[in-house]
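Input: a single structure, listed below in C-alpha coordinates.
The values are calculated or read from the model by the stated rules, or taken from the named source; none is laboratory data. Remember, it's a predicted structure, so these values are computed and weren't measured experimentally. Counting neighbours? That spans all protein chains shown, and the Cβs are built from the backbone with ideal geometry, glycine included. Accessible surface areas use protein heavy atoms only, side chains included; no ligands, DNA or RNA. Shrake-Rupley method; radii C 1.70, N 1.55, O 1.52, S 1.80 Å.
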Amino acid sequence: RWQKYHHYPSYTHTHASMSFDERGTAHADPADRDAGPPFDNCNADVILRSCDGVKFCVHKTILSLASPTFETMFTLAAPTSVSNAGNGSDHTDAPQVVQLSESADIIDPLLRTCYPYTSPIIDDLALLQRVLLMAEKYEIEAFRGTAGTILEKRVHESPVEVYALACRFGFLDIVPLA
(Lines give C-alpha, C1' and ligand atoms only; values in the text may rest on other atoms or scores of the structure.)
Protein backbone atom coordinates (compact mmCIF):
# COMPACT_ATOMS: atom_id res chain seq x y z
CA ARG A 1 0.00 0.00 0.00
CA TRP A 2 2.89 2.38 0.70
CA GLN A 3 4.01 2.19 -2.94
CA LYS A 4 0.71 3.76 -3.91
CA TYR A 5 1.83 6.93 -2.10
CA HIS A 6 5.50 6.77 -3.03
CA HIS A 7 5.61 9.34 -5.86
CA TYR A 8 8.48 11.70 -6.50
CA PRO A 9 8.08 14.77 -8.68
CA SER A 10 9.34 14.34 -12.22
CA TYR A 11 12.07 16.62 -13.43
CA THR A 12 11.88 18.19 -16.85
CA HIS A 13 14.29 20.20 -18.94
CA THR A 14 12.72 22.90 -21.07
CA HIS A 15 13.74 24.11 -24.50
CA ALA A 16 11.66 26.53 -26.59
CA SER A 17 8.09 25.23 -26.57
CA MET A 18 8.97 21.62 -25.80
CA SER A 19 9.74 19.76 -22.59
CA PHE A 20 11.80 16.64 -22.33
CA ASP A 21 11.22 14.20 -19.51
CA GLU A 22 13.95 12.14 -17.82
CA ARG A 23 13.72 9.57 -20.65
CA GLY A 24 14.24 12.22 -23.33
CA THR A 25 10.67 12.05 -24.60
CA ALA A 26 9.51 15.40 -26.03
CA HIS A 27 6.19 16.92 -24.92
CA ALA A 28 4.57 20.17 -26.01
CA ASP A 29 4.55 22.70 -23.17
CA PRO A 30 1.13 23.77 -21.96
CA ALA A 31 0.35 27.46 -22.17
CA ASP A 32 1.25 29.34 -19.02
CA ARG A 33 -1.65 30.33 -16.83
CA ASP A 34 -1.87 32.36 -13.66
CA ALA A 35 -2.60 30.80 -10.30
CA GLY A 36 -5.64 32.10 -8.49
CA PRO A 37 -5.69 34.39 -5.46
CA PRO A 38 -3.63 35.17 -3.49
CA PHE A 39 -0.93 34.16 -5.99
CA ASP A 40 -2.04 36.46 -8.80
CA ASN A 41 -0.67 39.68 -7.24
CA CYS A 42 0.84 41.92 -9.91
CA ASN A 43 3.13 43.53 -7.29
CA ALA A 44 5.02 40.30 -6.67
CA ASP A 45 8.78 40.30 -7.10
CA VAL A 46 9.18 36.64 -8.04
CA ILE A 47 7.19 34.17 -10.12
CA LEU A 48 7.34 30.48 -9.29
CA ARG A 49 6.47 28.54 -12.45
CA SER A 50 5.24 25.00 -11.98
CA CYS A 51 6.20 22.19 -14.34
CA ASP A 52 2.63 22.26 -15.67
CA GLY A 53 2.77 25.96 -16.59
CA VAL A 54 1.05 27.67 -13.66
CA LYS A 55 2.62 30.96 -12.57
CA PHE A 56 2.53 31.79 -8.85
CA CYS A 57 3.23 35.48 -8.28
CA VAL A 58 4.78 35.64 -4.83
CA HIS A 59 7.01 37.80 -2.65
CA LYS A 60 10.64 36.97 -1.90
CA THR A 61 10.30 38.28 1.65
CA ILE A 62 7.50 35.87 2.53
CA LEU A 63 9.24 32.90 0.93
CA SER A 64 12.55 33.81 2.56
CA LEU A 65 10.94 33.95 5.99
CA ALA A 66 9.26 30.58 5.45
CA SER A 67 12.17 28.76 3.82
CA PRO A 68 15.93 28.91 4.38
CA THR A 69 16.33 27.32 0.93
CA PHE A 70 14.44 30.13 -0.79
CA GLU A 71 16.29 32.70 1.34
CA THR A 72 19.62 31.34 0.13
CA MET A 73 18.38 31.11 -3.44
CA PHE A 74 17.29 34.74 -3.48
CA THR A 75 20.44 35.93 -1.71
CA LEU A 76 22.77 34.17 -4.15
CA ALA A 77 20.79 34.77 -7.35
CA ALA A 78 21.52 38.07 -9.03
CA PRO A 79 18.46 39.51 -10.78
CA THR A 80 18.60 39.60 -14.54
CA SER A 81 18.86 43.11 -15.92
CA VAL A 82 16.48 44.20 -18.63
CA SER A 83 17.30 47.10 -20.90
CA ASN A 84 15.04 50.09 -20.23
CA ALA A 85 13.41 50.93 -23.59
CA GLY A 86 16.73 51.10 -25.38
CA ASN A 87 18.06 54.08 -23.41
CA GLY A 88 21.02 52.11 -22.11
CA SER A 89 19.98 52.00 -18.47
CA ASP A 90 19.30 48.71 -16.78
CA HIS A 91 16.47 47.97 -14.39
CA THR A 92 15.21 44.93 -12.57
CA ASP A 93 11.51 45.76 -12.42
CA ALA A 94 10.52 42.49 -14.05
CA PRO A 95 9.92 39.76 -11.47
CA GLN A 96 12.46 36.98 -11.26
CA VAL A 97 11.08 33.69 -12.66
CA VAL A 98 11.99 30.46 -10.87
CA GLN A 99 11.15 27.23 -12.71
CA LEU A 100 10.13 24.48 -10.29
CA SER A 101 9.99 20.76 -11.00
CA GLU A 102 6.76 20.32 -9.00
CA SER A 103 3.23 20.66 -10.35
CA ALA A 104 0.74 23.35 -9.34
CA ASP A 105 -1.34 20.96 -7.19
CA ILE A 106 1.74 20.47 -4.97
CA ILE A 107 2.99 24.08 -4.94
CA ASP A 108 -0.38 25.70 -4.15
CA PRO A 109 -1.05 24.09 -0.74
CA LEU A 110 2.54 24.57 0.34
CA LEU A 111 2.49 28.28 -0.52
CA ARG A 112 -0.86 28.69 1.25
CA THR A 113 0.89 27.61 4.44
CA CYS A 114 3.42 30.42 4.00
CA TYR A 115 0.94 33.19 3.24
CA PRO A 116 -1.27 34.85 5.86
CA TYR A 117 -5.04 34.41 5.69
CA THR A 118 -4.87 31.31 3.54
CA SER A 119 -4.95 27.65 4.41
CA PRO A 120 -4.43 24.64 2.20
CA ILE A 121 -7.08 22.03 1.51
CA ILE A 122 -5.61 18.57 1.10
CA ASP A 123 -8.00 15.64 1.19
CA ASP A 124 -5.76 13.05 -0.45
CA LEU A 125 -2.86 11.32 1.33
CA ALA A 126 -0.96 10.87 -1.96
CA LEU A 127 -1.05 14.63 -2.49
CA LEU A 128 -0.07 15.19 1.15
CA GLN A 129 3.02 13.04 0.63
CA ARG A 130 4.06 15.01 -2.47
CA VAL A 131 3.56 18.32 -0.64
CA LEU A 132 5.56 17.00 2.34
CA LEU A 133 8.38 16.06 -0.05
CA MET A 134 8.42 19.60 -1.44
CA ALA A 135 8.24 21.08 2.06
CA GLU A 136 11.21 18.93 3.01
CA LYS A 137 13.11 19.93 -0.16
CA TYR A 138 12.61 23.66 0.49
CA GLU A 139 12.78 23.38 4.31
CA ILE A 140 9.33 24.86 4.88
CA GLU A 141 8.71 23.83 8.48
CA ALA A 142 5.41 25.73 8.72
CA PHE A 143 3.73 22.99 6.71
CA ARG A 144 4.41 20.37 9.38
CA GLY A 145 1.57 21.69 11.57
CA THR A 146 -0.89 21.49 8.71
CA ALA A 147 0.32 18.02 7.74
CA GLY A 148 0.08 16.78 11.32
CA THR A 149 -3.53 17.95 11.55
CA ILE A 150 -4.41 16.21 8.28
CA LEU A 151 -2.75 12.98 9.41
CA GLU A 152 -4.58 13.04 12.76
CA LYS A 153 -7.92 13.47 10.99
CA ARG A 154 -7.21 10.52 8.67
CA VAL A 155 -5.74 8.08 11.21
CA HIS A 156 -8.95 6.04 11.66
CA GLU A 157 -9.85 6.09 7.97
CA SER A 158 -6.42 5.12 6.58
CA PRO A 159 -4.25 3.88 9.46
CA VAL A 160 -1.62 2.08 7.34
CA GLU A 161 -1.03 5.05 5.05
CA VAL A 162 -1.01 7.50 7.97
CA TYR A 163 1.46 5.28 9.83
CA ALA A 164 3.75 5.12 6.79
CA LEU A 165 3.67 8.89 6.28
CA ALA A 166 4.11 9.58 10.00
CA CYS A 167 7.17 7.31 10.11
CA ARG A 168 8.68 8.67 6.90
CA PHE A 169 8.30 12.34 7.82
CA GLY A 170 8.95 12.10 11.56
CA PHE A 171 5.52 12.71 13.05
CA LEU A 172 6.41 10.69 16.13
CA ASP A 173 3.31 11.78 18.06
CA ILE A 174 1.05 10.34 15.34
CA VAL A 175 2.83 6.99 14.92
CA PRO A 176 1.24 5.42 18.05
CA LEU A 177 -2.23 6.64 17.00
CA ALA A 178 -2.03 4.72 13.72
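Structure summary
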item	result
Residue match in the range 106-121 (condition: part of a loop (DSSP other than H, G, I, E, B), at pLDDT below 90 and more than 30 Å from Gly148 (Cα to Cα))	no
Count of the range 137-178 residues which are farther than 28 Å from Pro68 by Cα and free of Cβ contacts under 8 Å to residues at least 12 places away in the same chain	4
Subset of the range 134-159 [buried (at least 18 other Cβ atoms within 10 Å of the Cβ), assigned to a helix (DSSP H, G or I) and not basic (Lys, Arg)]	Met134, Ala135, Phe143, Thr146, Ala147, Ile150, Leu151
Filtered residue count, the range 105-119, keeping only those that are under 17 Å from Leu132 (Cβ atoms) and either of a type in the set (Gly, Ala, Ser) or open to solvent by 20 Å² or more (accessible area, probe 1.4 Å) (or both)	6
Residue list for the range 160-178, filter: farther than 21 Å from Leu110 by Cα and outside any loop (DSSP other than H, G, I, E, B)	Val160, Tyr163, Val175, Pro176, Leu177
Residue tally, condition polar (S, T, N, Q) and in contact with a Ser or Thr (Cβ under 7 Å, 6 or more places away or on another chain), over the range 46-70	1
Residue satisfying all of: in the range 58-83; open to solvent by 60 Å² or more (accessible area, probe 1.4 Å) and in a loop (DSSP other than H, G, I, E, B); modelled with the lowest pLDDT among these	Ser81
